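K.L.:
Can you read through this structure? Questions will come right after.
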Amino acid sequence: MRTVNVNASENYNVYIEQGIIDNCGEIVGGLVRGRRCVIISDSNVAPLYAQRVADSLKAAGFRTALFEIEAGESSKNPDNLVKAAELCVEYGLTRSDVLVALGGGVVTDLGGLCGALYQRGIAVVQIPTSLLAMVDSSVGGKTAVNLTSGKNMFGVFYQPRAVLCDSTLLRTLKEEEFANGMAEVIKYAALKGGRILEIIKGNMENNLDELIEECVKIKRDYVCDDEFDKGVRQFLNFGHTFGHAIERISNFSVAHGSAVSIGMCIMAESCEKNSLCSKEDKELLLSLCKKYRLPTSCKYSSDDIFMASMSDKKRESYDINIVLFKGFGDCEIKKILLDDLVVYLYKGMGEE
Ligand code: GLY
């Protein structure tokens, strides 16, 4: 088993092992005193995996209840958050019990927030079922639901008690969902180069667990240095400033990974034009996105993307922090005036 320890405000492990969901009962049983568990999952994942998780928990002495949401981003809302909490009350969950979030980013974000708020905080174990959730959303304690005014607008930082990654679950993931996760993997390669870059340049099929471990280690390092996202954790936003804007303009019809991929490519193009990165590194970034079936451009104009960037959560009044791509393993956070963002967009989209 691969284990990555995260020593943030909560000390916990991310366990990576094929078939680990069938041992989740034993692991969860070692983390909490109580023996009641609410499993939060969605309509895609629950029919495939909830029974296996429940069986393992039952074998370890747990009583379990399932809260199932409709699959999709629109389920990540305050209404479902309250419904999940009501089920915890009905089921008599106490602070010594546990909530298991079994699913992709929607479920891990909503489940994490429910665990943070229920009785002011109960143990949450994350069992991510998408590549994106394994390498990003289930680790690091960002939890949230969406408001009609914006994505992830209503949430807290709350670290899980453990994260269990079982890469065999990715076999049932749709191709576009896998690609979604690959955008974050490529982001880690851009930030740090090294082994992740080596793996994704080659044939990664036999190296999936190692790849997940390497990504989680990078995320762990940023989270441990800057749990509350005031400094270096913002490196993880490479590609996300433009990406979030593109998601918003498309009314979320462009998936997160696709939007981040486009965002990274725009930034790389812009950095090359500013002589900050080499043509070779930019080309490599674009070719990796293409290799993993991610888009590198979009139909929206730079003015549209600029307007949508104005409502970015990372913006501080008239400033915004952006992540520049200077080459693989060489990115930089730069505070710029919001108005200057449009210059990066013009250059990155060839509209100078
Ligand atoms: N997904 C970015 C972060 O956790 O900071």
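K.L.:
Binning every alpha carbon pair distance of segment 115-166 at 10 Å from zero, what are the percents per bin?
P.N.:
It works out to 25, 49, 25, 1, in whole percents.
K.L.:
Please give the per residue accessible area of segment 8-99, computed with a probe of 1.4 Å over protein heavy atoms only, in Å².
P.N.:
Heavy-atom accessible area per residue stands at 46 Å².
K.L.:
Kirkwood hydrodynamic radius of segment 58-113 from all distinct Cα pairs, in Å?
P.N.:
12.1 Å
K.L.:
Search the structure for amide H atoms under 5 Å from the amide H of Gly239, placed 1.01 Å from N in the peptide plane, and list their residues when 5 or more places away or on another chain.
P.N.:
Val323
K.L.:
Over every pair of different alpha-carbon atoms in segment 66-191, take the mean of 1/r and invert it; report that Kirkwood radius in Å.
P.N.:
Values: mean 1/r = 0.0678 Å⁻¹.
Answer for segment 66-191: a Kirkwood hydrodynamic radius of 14.7 Å.
K.L.:
Please state, to two decimals, what the Cα-based radius of gyration of segment 208-352 comes to when divided by 2.2 N^0.38 Å (N = residues).
P.N.:
Here the answer is 1.01, to two decimals.
K.L.:
Please list, in order along segment 23-38, the HN-Hα scalar couplings obtained from phi with the Karplus expression 6.51 cos²θ - 1.76 cosθ + 1.60 (θ = phi - 60°), rounded to whole Hz, x for Gly and Pro.
P.N.:
Once rounded to whole Hz, the list reads 10, 5, x, 4, 5, 5, x, x, 9, 10, 7, x, 10, 10, 9, 9.
K.L.:
Short version: ³J(HN,Hα) in whole Hz for each residue of segment 119-127, in order, from phi by Karplus 6.51 cos²θ - 1.76 cosθ + 1.60 (θ = phi - 60°), x for Gly and Pro, what are they?
P.N.:
Karplus values, whole Hz, x for Gly and Pro: 6, 6, x, 10, 5, 10, 10, 8, 10.
K.L.:
Determine the order of Arg120, Arg161, Arg63 by accessible area, beginning with the largest, at a probe radius of 1.4 Å.
P.N.:
Values: Arg120 205, Arg161 75, Arg63 135 Å².
Reading off the accessible areas and sorting them downward yields Arg120, Arg63, Arg161.
K.L.:
Send over the semi-axes of the chain's equivalent ellipsoid, whole angstrom and largest first, taken as the square roots of 5 times the C-alpha gyration tensor eigenvalues.
P.N.:
35, 21, 17
K.L.:
Once the dipole of the chain is set up with Lys and Arg at +1 and Asp and Glu at -1 on Cβ about the Cα centre, which of Leu341, Phe154, Val260 lies farthest towards its positive end?
P.N.:
Phe154
K.L.:
Taking every pair of Cα atoms in segment 1-158, average 1/r, invert it to obtain the Kirkwood radius, and report Rg/Rh to two decimals.
P.N.:
With Rg and the Kirkwood Rh in hand, the quotient comes to 0.93.
K.L.:
Now for a different question. Roughly speaking, to the nearest percent, how much of the chain's 1.4 Å accessible area is carbon and sulfur?
P.N.:
Carbon plus sulfur share of accessible area: 47 percent.
K.L.:
Ordering Glu210, Glu177, Glu184, Glu198 from largest to smallest accessible area (1.4 angstrom probe), what's the sequence? Intermediate results must be reported in sequence, preceding the final value.
P.N.:
Details: Glu210 40, Glu177 80, Glu184 0, Glu198 115 Å².
Putting Glu210, Glu177, Glu184, Glu198 in descending order of accessible area: Glu198, Glu177, Glu210, Glu184.
K.L.:
Using every alpha carbon pair in segment 234-308, what percent of pairs falls into each 10 Å bin from 0 up to the bin containing the largest distance?
P.N.:
Pairs per bin, as whole percents: 21, 52, 25, 1.
K.L.:
Defining a contact as two alpha carbons under 8 Å apart and six or more residues distant in sequence, what relative contact order in percent does the chain show?
P.N.:
15 percent
K.L.:
Would you mind giving the average projected area, over all directions, of the Cα convex hull of segment 1-78 in nm² with one decimal? If you can, show how the numbers build up before the last one.
P.N.:
Working: hull surface 26.1 nm².
Seen from a random direction, the Cα hull of segment 1-78 projects 6.5 nm² on average.
K.L.:
Shape verdict for segment 103-257, please, from the Cα gyration tensor: rounded (a/c under 1.5), prolate (a/b greater than b/c) or oblate.
P.N.:
Rounded, since a/c falls under 1.5.
The values are calculated or read from the model by the stated rules, or taken from the named source; none is laboratory data. Values in this document were obtained by computation on a predicted structure and should not be read as measured data. Positions of Cβ are generated from backbone atoms using ideal geometry, with glycine treated the same way; all protein chains shown enter the neighbour counts. These area figures cover heavy atoms from the full protein model, side chains too; ligands, DNA and RNA do not enter into them. Shrake-Rupley method; radii C 1.70, N 1.55, O 1.52, S 1.80 Å.
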